[in-house]
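Chemist: Sharing a structure, written as structure tokens. Questions coming.
Please treat every number below as a calculation from the coordinates, not as lab data. All values reported here derive from a predicted model rather than from experimental measurement. All Cβ positions, glycine included, derive from the backbone under ideal geometry; neighbour counts span all protein chains shown.
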Amino acid sequence: MAGSAPGYVEKPDYKVVLEPCAKRVRAVLGGETVADSTAMRLCHETGHLPVYYFPRADVRMDLLTPTARSTHCPFKGTASYWTVAAGGRTAEDTVWSYDDPYDEAADFAGLVAFYWDRIDAWFEEDEEVFVHARDPYARIDVVASARPVRVTAAGETVAETTRALFLFETGLPVRYYIPSNDVRMDRLTATEKTTRCPYKGTAAYWSVADAGDAFANVVWSYPDPIAEAGRIKDHLCFFNERVDEITVGGKAVPRPVTKWS
């Protein structure tokens with residue numbers, strides 16, 4: 001091994017945890033499976049999204065070509081890289097491994113990881129997963145509430161209900177999903193924007209009509225959410241950060257500061 005990790009000298013509270021994952025995980029490029037394992041490891045690292053690591057024996061190493069790229073992590077060691085080519089598609093410097101990790105990261109030896117967004121499709125068991133590996137410590141709770149919810153944007157009330165679903169998601173502000181019948185749809189304009197969430201599905205967006213850029217893509221909905229979030233189907237949600245105000249039970253909700261502010 002490469003010795004003791006120097007990163008912990010300056011950041012003793014930094015966490016790198018590699019834990020077993022019982023899911024079968026597959027990575028697909030160009031319609032061809034380039035990795036397929038039921039012996040996965042999931043890495044949780046301070047300030048990073050979770051990352052899947054495959055045993056090298058479960059990766060199509062015959063499709064990988066070593067490159068000159070290397071990077072250094074003060075907590076894990078030096079990573080070497082490969083380009084993967086499959087099904088007529090090539091993803092450069094997409095695969096990495098810590099062949100000689102620091103002592104604290106010894107379990108990374110013999111494991112291989114892929115940049116998520118450079119692979120065409122990911123599957124957990126037989127379900128496609130988007131954006132990043134699902135974190136088993138992230139939770140979504142959808143709870144019905146009769147508390148009055150009112151949304152004001154561009155100086156007018158655009159939604160008002162006593163039938164909202166409150167969505168509590170680990171590490172994020174509470175989101176208020178409102179039945180479409182209780183939203184002023186005549187004041188919204190559908191846009192082409194879509195985003196994906198590994199826990200909810202694919203979202204469609206609306207802007208507040210004639211309200212300028214400040215209220216562009218400020219409303220979203222999941223028309224076909226994944227099963228775990230199925231209750232929010234046919235409900236719309238407004239960015240707490242960007243509308244004029246959201247009140248719950250007559251009291252203004254504090255405006256959170258997030259990457260969507």
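Chemist: Evaluate E = 1/(1 + (r/R0)^6) for Arg147 and Tyr14, where r is the Cβ-Cβ distance and R0 equals 51 Å; express this FRET efficiency to the nearest 0.05. Please report the intermediate quantities before stating the final value.
Modeler: Details: r = 40 Å, r/R0 = 0.79.
The formula returns an efficiency of 0.80 here.
Chemist: Here's another thing I want to ask about it. What Kirkwood hydrodynamic radius, in Å, does the chain give when the mean of 1/r is taken over all pairs of distinct Cα atoms and then inverted? Could the numbers behind the result be given before it?
Modeler: Values: mean 1/r = 0.0478 Å⁻¹.
Computed over the chain, the radius equals 20.9 Å.
Chemist: Can you give me the long-range amide H partners of Met40? Hydrogens built in the peptide plane at 1.01 Å from N, cutoff under 5 Å, separation of 5 or more residues or another chain.
Modeler: Hits under the 5 Å cutoff: Cys21.
Chemist: What is the packing order of peptides 205-215, 94-104, 251-261, 223-233, taking the mean over residues of other C-beta atoms within 10 Å and listing the highest first? Working shown, then result.
Modeler: Values: 205-215: 16.5, 94-104: 19.9, 251-261: 11.4, 223-233: 14.1.
Highest mean packing first, the order is 94-104, 205-215, 223-233, 251-261.
Chemist: Now for a separate question. How large is ³J(HN,Hα), in whole Hz, for each residue of the stretch 169-182 in order, when computed from phi with the Karplus curve 6.51 cos²θ - 1.76 cosθ + 1.60 and θ = phi - 60°, using x for Gly and Pro?
Modeler: So the Karplus estimates, Gly and Pro as x, are 10, 3, x, 10, x, 4, 10, 10, 8, 10, x, 4, 5, 9 Hz.
Chemist: What order do you get for 160-167, 186-193 when each peptide is scored by the mean count of other beta carbon atoms within 10 Å, highest first? Intermediate values should be presented prior to the final figure.
Modeler: Working: 160-167: 18.2, 186-193: 14.0.
Going from most to least packed, we get 160-167, 186-193.
Chemist: Let me ask you something else. Compute the length gained on full extension between Thr38 and Glu128: take 0.36 nm times their separation in residues and subtract their Cα-Cα distance, giving the result in nm to one decimal. Don't skip to the end; give the middle numbers.
Modeler: Working: separation 90, 0.36 × 90 = 32.40 nm, distance 1.58 nm.
Working it through step by step, the gained length comes to 30.8 nm.
Chemist: Can you list the lysines whose alpha carbon sits under 26 Å from that of Lys233, skipping same-chain ones fewer than 8 residues off?
Modeler: The qualifying lysines are Lys193, Lys200, Lys259.
Chemist: For the stretch 17-37 and the stretch 55-130, what is the separation of their C-alpha centers, rounded to whole Å?
Modeler: Result: 11 Å between the Cα centres.
Chemist: Then there is this: What dipole magnitude, in Debye to the nearest 20, does the chain give about its Cα centre under +1 on Lys/Arg Cβ and -1 on Asp/Glu Cβ?
Modeler: Values: 29 positive and 38 negative charges, 132 e Å.
Around 640 debye, computed over the chain.
Chemist: Would you work out the charge dipole size for the stretch 3-136 about its Cα centre, treating the Cβ of every Lys and Arg as +1 and the Cβ of every Asp and Glu as -1, and quote it to the nearest 20 debye?
Modeler: Result for the stretch 3-136 is approximately 160 debye, rounded to the nearest 20.
Chemist: Karplus couplings for the stretch 139-147 from phi (6.51 cos²θ - 1.76 cosθ + 1.60, θ = phi - 60°), rounded to Hz, Gly and Pro as x?
Modeler: So the Karplus estimates, Gly and Pro as x, are 10, 10, 10, 10, 10, 6, 9, 8, 4 Hz.
Chemist: Per residue, how much space in cubic angstrom lies within the convex hull of the C-alpha atoms of the stretch 90-226? Before the final figure, lay out the partial values.
Modeler: Numbers: hull volume 24.8 nm³, N = 137.
Here the figure is 181 Å³ per residue.
Chemist: Follow-up question, since we're still on this one. Just want the ordering: Thr46, Thr90, from fewest to most Cβ atoms lying within 10 Å of their own Cβ.
Modeler: Taking fewest neighbouring Cβ atoms as first place, the list is Thr46, Thr90.
Chemist: With +1 on each Lys and Arg Cβ and -1 on each Asp and Glu Cβ, and nothing else charged, work out how big the dipole of the stretch 161-261 is about its Cα centre, in Debye to the nearest 20. Write down the numbers at each step before the final one.
Modeler: On the way: 13 positive and 12 negative charges, 53 e Å.
Roughly 260 debye, rounded to the nearest 20.
Chemist: A follow-up question, please. Where Rh is the Kirkwood radius over the Cα pairs of the stretch 8-125, the temperature 20 °C and the viscosity 1.002 mPa s, what D in µm²/s does Stokes-Einstein return? Don't skip to the end; give the middle numbers.
Modeler: Numbers: Rh = 14.6 Å.
My calculation gives 146 µm²/s for D.
Chemist: A further question on this structure: Dipole of the chain (Lys/Arg Cβ +1, Asp/Glu Cβ -1, origin at the Cα centre): which of Leu29, His44, Thr189 lies farthest to the positive side?
Modeler: Ranked along the dipole, the leading option is Thr189.
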